[in-house]
Structures are given as C-alpha cells and as structure tokens.
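The values are calculated or read from the model by the stated rules, or taken from the named source; none is laboratory data. These numbers come from a predicted model, not from an experiment. Reconstructed Cβ throughout: ideal geometry from the backbone, glycine too, with neighbour counts over all protein chains shown. Protein only, heavy atoms only, side chains kept; ligands, DNA and RNA dropped before computing areas. Shrake-Rupley method; radii C 1.70, N 1.55, O 1.52, S 1.80 Å.
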Amino acid sequence: MALHRPHRWLALLVGLVVSTATAAFTLEEYTFDDPAREAAFRELIGQTRCLVCQNESLAASQAGLAQDLRDEIYRLMQEGRSREEVVEFLVERYGDFVLYEPPLKLSTLPLWIGPLLLAVVGVIVLRRALLNKQRDPEENLSPEEEARLKRLLARTRDPQDSE
Amino acid sequence: MSKSRKTLTYLIPLALFAVLVGFLSYGLTTDPRKVPSPLIGKSIPEFALPALMEPTRQVTQEDLKGRVSLVNVWASWCPSCRAEHKALMEIAQQGRDGSFQVIGLNWKDERDLALEMLRLFGNPYAFSAFDPDNDVGLDFGVYGAPETFIVDRDGIIRYKHIGPVDEEVWQQTLSPLVEELKAKS
C-alpha cells in the first residue's frame with residue numbers, strides 16, 4: 001500500500017502537467033497583431049461559460065462547442081468588433097447564462113444585492129447582541145457565582161493580592 | 001431576556017434552515033443542463049444550407065414558413081438522437097396529413113454517416129439542413145444534440161426542448177403546443 005503511494009503522486013503530477021499543456025496548446029492558435037485586442041480576447045473567453053461543461057470557461061473547455069465559440073469570438077474580434085458587440089452576439093444566442101457575471105436587471109437583482117442584504121442583516125443582529133451583553137452583562141449568574149466572579153476579577157486586577 | 005423571547009431566538013436558525021431547504025428542494029426539481037433559450041418568441045435565424053439528401057438543393061428559413069414545424073437538431077454521433085429516432089418517426093407519421101412537418105438540422109456531422117443513419121433507421125424529416133461546421137447551429141444557440149424547436153407558421157420560435165423527445169414529452173408538452181399553433185390561422 002505504502003509502496004504504491006509515490007507512484008500515485010507521480011501519476012497525478014504527470015496528469016496535471018499534461019492537462020495544462022494541452023489546455024494552453026489549444027489557445028495558441030489565436031494570434032492577434034494588436035496586443036490589446038489579444039488581451040481583450042483572452043479576458044472575454046475567460047469570462048464566458050461553456051454550456052456543455054457548465055463549470056468551465058470557454059478558455060478552459062475542451063468541448064467541441066467551446067472550440068466553435070472560441071473560433072467565432074476570434075473571428076468577430078479580428079473583424080474589429082468590440083467586446084460589447086461580441087457579448088451581445090453570444091447573449092442573443094445562448095442567453096445570459098453564457099456570462100459568468102450576470103448582467104444587472106430585475107430578474108438577477110437578488111443575485112447582486114442578496115449577499116449585501118444578508119451581510120447588513122448579520123451586522124445588525126451582531127450589533128444588537130453585543131449591545132445587549134454590554135447593558136446587561138451576566139444575567140444568568142446566581143448570587144454565589146456573582147460573588148465568586150467579583151473575587152476572581154479583583155484578583156486579576158491586582159495579582160499581588162492573595163485570596 | 002424573557003423565556004418566550006429566548007425560545008423565539010432558538011427558532012430563528014430553524015426558520016432559516018426551512019428557507020434553505022425550500023430553495024434546495026426547488027433546485028432538485030430543475031435541471032441545470034436545460035438553459036432557457038433567448039430565441040423563444042423571435043423569428044428563426046436566417047440560414048442557407050445544402051440539404052442533406054440533395055447537396056445541390058439549398059434550404060432556407062423560407063422552407064419552414066406556412067406550416068408548423070418541429071426543427072430537430074441531430075447527428076449520427078449522438079446516442080440520444082438514436083434513442084429519440086423512433087419517437088420522431090412516429091411523430092412525423094402524425095404530420096403526414098400536412099398539418100405539421102418535422103425538419104432536421106444535421107449538426108456537426110459527416111454526410112456519409114448521417115445518410116447511413118437515416119438509411120438504417122428511417123428518415124422522419126421532410127428535409128435535413130446539413131450544418132457540419134456549426135454555422136447555423138450557432139445562430140440557433142444549439143449547445144448539444146438533440147434539441148427540438150417548435151416553430152409556428154410565421155417562422156416564430158415558440159418552444160425549445162433540450163434532450164431527446166420521447167412519447168411522454170410529445171404527449172404532454174410538444175403535441176398540445178403543436179395543436180394550439182395549428183389551430184391559429
């Protein structure tokens with residue numbers, strides 16, 4: 001069992017190296033004269049979703065459809081279309097789902113403000129709980145416990161004092 | 001803090017949990033692979049492709065007009081297309097009276113293999129447009145075969161079914177819609 005382990009790690013390592021190599025390889029065919037346009041292309045295919053393997057971007061996916069869409073986006077950008085125009089082209093055909101970042105509209109409002117809303121509610125609840133504690137610190141102590149607490153606190157304030 | 005208020009505080013996590021369960025159980029009933037098409041209610045994209053059976057004949061969006069159509073995206077390499085083929089044959093039979101037609105969009109396929117599949121299992125399609133390079137599939141927002149669009153007489157896309165069409169899908173969803181569109185003059 002223990003003997004097999006290094007082999008497994010080696011296999012994993014080889015697998016990782018090979019898979020990243022092929023992923024990088026498929027993108028090298030897209031060359032641009034204008035570096036800014038190339039950067040825009042690479043950014044866009046990183047932010048659009050492959051609809052076949054939905055957790056992969058168009059840049060990362062090896063699916064045939066992703067290849068077609070990369071080619072199409074490349075063609076459109078080579079023609080001089082702007083990022084907005086290409087995004088519009090994709091959304092017209094595949095819907096907002098093709099974008100990793102959904103556009104802000106009524107149906108996506110909960111996505112955008114939901115987390116903020118939860119955070120605000122959380123802060124309000126926390127604040128109230130803390131204020132309550134401050135106002136009424138140890139409400140559940142019995143008189144004996146309270147006396148003991150006072151004794152202990154007094155001791156920490158003045159370490160030289162013995163009990 | 002009073003006792004009833006304390007109970008209430010303990011109930012808050014339970015209520016939040018109930019909400020979470022609500023969302024999650026709704027999530028179980030939906031299929032993330034089925035992405036709604038933005039093309040519903042819009043005209044079918046314009047296209048001009050050679051017909052699969054007659055390479056010299058060109059088919060366009062105009063060939064769909066005047067009749068309710070099921071546009072079925074298929075390929076010989078796609079196992080689910082093979083699975084739905086029998087159901088499509090039966091559906092096409094029902095449209096023989098001319099009330100609706102089944103049209104194929106042969107997608108990212110090879111002509112020989114596509115023709116071979118039709119020869120072996122029958123041809124449900126009035127015609128199939130041959131789209132080996134996903135030129136037209138892209139305009140239809142196709143992301144996997146099989147997909148089936150229902151297009152009315154005026155060439156407006158009314159519905160998109162993702163995945164194989166079987167008896168149940170046809171009876172419960174597609175057929176009623178086709179009947180409804182047929183009734184509209």
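Numerical summary
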read-out: Shape box of region B:1-88 [Cα atoms, principal axes, largest first, Å]; value: 85, 30, 18
read-out: Nearest-0.05 FRET efficiency for B:L16 and A:V123, computed from C-beta distance (R0 22 Å); value: 0.85
read-out: Cut-off under 5 Å, modelled amide H: who pairs with B:R158 long-range; value: B:G41, B:I150, B:V151, B:D152
read-out: Cβ neighbours within 10 Å from other chains - mean over A:87-96; value: 4
read-out: Buried accessible area, chains B and A (both chains, 1.4 Å probe, Å² to nearest 100); value: 1400 Å²
read-out: Probe 1.4 Å, protein heavy atoms only - accessible area per residue of region B:34-183 in square angstrom; value: 44 Å²
read-out: Burial ranking of peptide ranges B:53-61, A:102-110 (average Cβ count within 10 Å, highest at the top); value: B:53-61, A:102-110
read-out: Inter-centroid distance (Cα atoms) of region A:89-159 relative to region A:42-61, Å; value: 35 Å
read-out: Derived scalar couplings ³J(HN,Hα) [region B:23-40; Karplus, 6.51 cos²θ - 1.76 cosθ + 1.60; whole Hz; x for Gly, Pro]; value: 4, 5, 6, 5, x, 5, 7, 9, 10, x, 6, 8, 8, x, 7, x, 8, 4
read-out: Those lysines that a straight Cα-Cα span of less than 23 Å connects to B:K65, excepting residues fewer than 8 apart in one chain; value: B:K42, B:K160, B:K182, B:K184
read-out: Amide hydrogen neighbours beyond the local backbone of B:M53, cut-off 5 Å, H modeled; value: B:S128
read-out: Candidates per chymotrypsin sites (Phe, Trp or Tyr not before Pro) in region A:29-130, loop by DSSP, up to 14 other Cβ within 10 Å; value: A:Y100
read-out: GluC sites (Glu not before Pro) within region B:99-185: DSSP coil, no more than 16 neighbouring Cβ in 10 Å; value: B:E110
read-out: Whole-Hz ³J(HN,Hα) from phi, Karplus 6.51 cos²θ - 1.76 cosθ + 1.60, for region A:97-104, glycine and proline x; value: 4, 5, 8, 5, 9, x, x, 7
read-out: Long-range HN-HN contacts of B:V102 with modeled amide H, under 5 Å; value: B:L70, B:A126
read-out: Cα-based shape type of region B:34-183, given that a ≥ b ≥ c are square roots of the gyration tensor eigenvalues and the cut on a/c is 1.5; value: rounded
read-out: Helix-only [θ]222 nm of chain B, DSSP H runs n ≥ 4, -39500 (n - 2.57) each, per residue, nearest 500; value: -12000 deg cm²/dmol
read-out: Partnerless Cys - the protein assembly as shown, beta-carbon criterion under 4.7 Å; value: A:C50, A:C53
read-out: With all protein chains modelled, accessible area of A:I113 [1.4 Å, Å²]; value: 80 Å²
read-out: Radius ratio Rg over Rh of the protein assembly as shown, counting only Cα atoms, Kirkwood formula for Rh; value: 1.20
read-out: In Hz, Karplus ³J(HN,Hα) per residue of region A:35-47 (6.51, -1.76, 1.60; θ = phi - 60°; x = Gly, Pro); value: x, 5, 5, 4, 4, 4, 4, 5, 5, 5, 5, x, 10
